[in-house]
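> Let me begin by handing over the structure; questions about it come next.
What follows is calculated from the coordinates using simple rules that are stated; it is not laboratory data. As the structure is a computational prediction, the values presented were derived from the model and not from experiment. All Cβ positions, even for glycine, are placed from backbone atoms using ideal geometry, and neighbour counts span all protein chains on display.
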Amino acid sequence: MGTAFAQALEKAAEGKELAGEDLAALLEAEEAESPLLFNLADKVRSRFVGDDIHLRGIIEFSNYCSKNCLYCGLRIDNRELDRYRMSAAEIVEGSGRAAALGCRTIVLQSGEDGFYTAGLLADIIRTVKEEFDVAVTLSVGDRTRTDYAIFRQAGADRYLLKHETSDARLFAALRPGTTLEDRLKRAAWLKELGYQVGSGNIVGLPGQGVETLTADILLMRRMGVEMAGIGPFIPSSHTPLGGASGGSLEMALKTLAVTRLVLPRTHLPATTAAATVDPLGRVKALKCGANVIMPNMTPLSCRGGYCIYPGKAGHKETPEESLATALRTIERAGRGPAGDYGHAPGPAGKVEGVFQEEIFLTCP
Ligand code: 5AD
Ligand code: SF4
């Protein structure tokens, strides 16, 4: 075992606060070492957020996007993509179906699509909250503070706004016309407005190194995020990065595991991107820190190409099939589905230092 890795792992196991160099040493784990990291992350996950997996049914209601991110298939300049929008009635109906299938959270996700005004989205959120017994997570990108306030007022519980990369230069290069600073300002607004906030990054972006991933995790610790989506980069055709090399699942899993050590109570999904690069990707993620799975509840009849990247796992599954796949995945990981809403157990940002003392007493 490499000395730096062994020392960092021991430090984590003793409950000491991890510094940037420790995170880097853990992320640099060699193939023979990573099972030890995954094992510790799995124990921390079990101890802090339990063994149940939260099902968040995701409805991808529009693939229109006004942004032009270099890595994403939904970018405005991709003219090869057939665009679609679901009506308010279709979104509500789809949410009801997801609720009937047992999802206690509905994630409403789209590209950045101004067609859905704040008023329209608020009506949808209000109806979904009134008609079904679910938590609502929004993932509709950059909006004004007033819009975020309106959504919250309408009943939205959570908001996903990934920071994608903590390297400000890379962020600006990959997301033209936007800055990391602006993104973080929006995440701060969401917190102020009382949302449970999700962030996350893409692992294996061109120009990203271990130091960037370390900074990503430290940033999420500072932000005290309640959720974090971490998945490998998948080169997407008809984008400027279509010919780049993709991220490795191994590095994405290491990033997930280290994030679990640093943010023990944060909800971490086994991502669709992980399942896309490896059929067992989600099972593996559930075994190294993840505790959430997001079955695709977009009705097939409404589903157009939500092709963020090619070959997206489960793209042709009906909501029922997608749920069945999720349940099989959970079973393969030796776990069971949760019955509650899966709200964040506490202010994730405030556990630092406290959790460290308790965790490892029960984690040999
Ligand atoms: N590979 C992996 N993840 C991607 N995303 C967008 N494009 C890609 C890609 N090519 C992720 C972003 C975004 C989420 C919806 O999908 O992190 O937040
Ligand atoms: Fe639009 Fe989000 Fe894709 Fe960027 S990553 S192009 S904002 S959907």
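> Please check which bits of the range 20-47 a label hung off Ala4 would reach, taking the label as a point 7 Å along Cα-to-C-beta and the cut-off as backbone N under 20 Å.
20-38
> Treat each spin label as a single point 7 Å out from the Cα along the C-beta direction, and report the Ala100 to Glu181 distance in nm.
Simple spin-label model gives 5.1 nm for this pair.
> Something else now. Once both axes come from the Cα atoms, what is the angle between helix 34-49 and the longest principal axis of the chain, in degrees from 0 to 90, rounded to 10?
Approximately 60 degrees, to the nearest ten.
> If you don't mind, there's one more thing I want to ask. By DSSP, what percent of the beta bridges with both residues in the chain are antiparallel, rounded to the nearest 5? Walk me through the intermediate numbers first.
Numbers: 1 of 31 bridges.
Rounded to the nearest five, the antiparallel share is 5 percent.
> Among the lysines, which have Cα under 20 Å from the Cα of Lys284 when same-chain residues fewer than 8 positions away are ignored?
List returned: Lys43, Lys254, Lys312.
> Apply 1/(1 + (r/R0)^6) to the Cβ-Cβ distance of Ala168 and Thr146, taking R0 = 41 Å, and write down the FRET efficiency to the nearest 0.05.
It comes to 0.95.
> If I fit a long axis through the Cα atoms of helix 210-223 and take the longest principal axis of the Cα atoms of the chain, what angle between them do I get, 0 to 90°, rounded to 10?
Around 70 degrees separate the two axes.
> Would you mind computing, in nm to one decimal, how far apart the modelled labels at Glu31 and Ser66 are, each placed 7 Å from Cα along Cα→Cβ?
4.8 nm
> Output ³J(HN,Hα) for the range 253-265: one whole-Hz value per residue in order, computed from phi by the Karplus curve 6.51 cos²θ - 1.76 cosθ + 1.60 with θ = phi - 60°, and x for Gly and Pro.
5, 5, 5, 4, 5, 5, 4, 4, 5, 7, 10, x, 9
> Continuing with this model, one more query. Quick one: Karplus J couplings for the range 151-165, per residue in order, coefficients 6.51, -1.76, 1.60, θ = phi - 60°, nearest Hz, x for Gly and Pro?
4, 5, 4, 6, x, 5, 9, 9, 9, 9, 9, 5, 7, 6, 8
> Also, quick follow-up: Using the Cα gyration tensor of the range 12-336, with a ≥ b ≥ c the square roots of its eigenvalues, what is the shape: rounded (a/c below 1.5), prolate (a/b larger than b/c) or oblate (neither)? Intermediate values should be presented prior to the final figure.
Values: a/c = 1.42, a/b = 1.28, b/c = 1.11.
It is rounded, given that a/c, with a ≥ b ≥ c, falls under 1.5.
> Filter the cross-link list Lys162/Lys191; Lys129/Lys191; Lys16/Lys191 down to pairs whose alpha-carbon distance in this structure exceeds 25 Å. Each step should come with its number before you reach the end.
Values: Lys162/Lys191 14 Å; Lys129/Lys191 20 Å; Lys16/Lys191 27 Å.
Going by Cα-Cα distance, Lys16/Lys191 fall outside the 25 Å limit.
> Can you give the FRET efficiency for Glu130 and Ala19, using 1/(1 + (r/R0)^6), R0 = 51 Å, r = Cβ-Cβ distance, to the nearest 0.05? Let's see the in-between values first.
On the way: r = 48 Å, r/R0 = 0.93.
After rounding to 0.05, the efficiency reads 0.60.
> Name the residue, out of Arg83, Arg265, Arg303, whose mean-square fluctuation peaks in a Gaussian network model built on the chain with Cα pairs under 10 Å.
Top of the fluctuation ranking is Arg83.
> Projected onto the charge dipole of the chain (+1 at Lys/Arg Cβ, -1 at Asp/Glu Cβ, origin at the Cα centre), which of Leu261, Pro235, Tyr195 gives the Cα projection farthest towards the positive end?
Tyr195
> With each pseudo-label sitting 7 Å past Cα toward Cβ, what's the Asp82-Lys316 distance in nm, one decimal?
1.4 nm
> Would you work out the charge dipole size for the range 165-307 about its Cα centre, treating the Cβ of every Lys and Arg as +1 and the Cβ of every Asp and Glu as -1, and quote it to the nearest 20 debye?
Details: 15 positive and 9 negative charges, 56 e Å.
In total the dipole reaches around 260 debye.
> Just to be sure I follow the definition: excluding the sites themselves, where is the longest run in the chain that has none of the GluC sites (Glu not before Pro) in a DSSP loop with at most 13 other Cβ atoms within 10 Å?
Counting only loop sites that pass the neighbour cut-off, the longest clear stretch is 81-364.
> If you don't mind, there's one more thing I want to ask. Quick check on the chain: helices-only [θ] at 222 nm, where DSSP H runs of length 4 and up contribute -39,500 (n - 2.57) each and the sum goes over total residues. Nearest 500, please. Let's see the in-between values first.
Working: 14 runs with 152 residues, N = 364.
Taken over the chain, the calculation gives -12500 deg cm²/dmol.
> Among Met220, Met1, rank each residue by its count of other Cβ atoms within 10 Å, from fewest to most, as a rough exposure measure. Intermediate values should be presented prior to the final figure.
Details: Met220 26, Met1 12.
By the 10 Å Cβ count, ascending, the order reads Met1, Met220.
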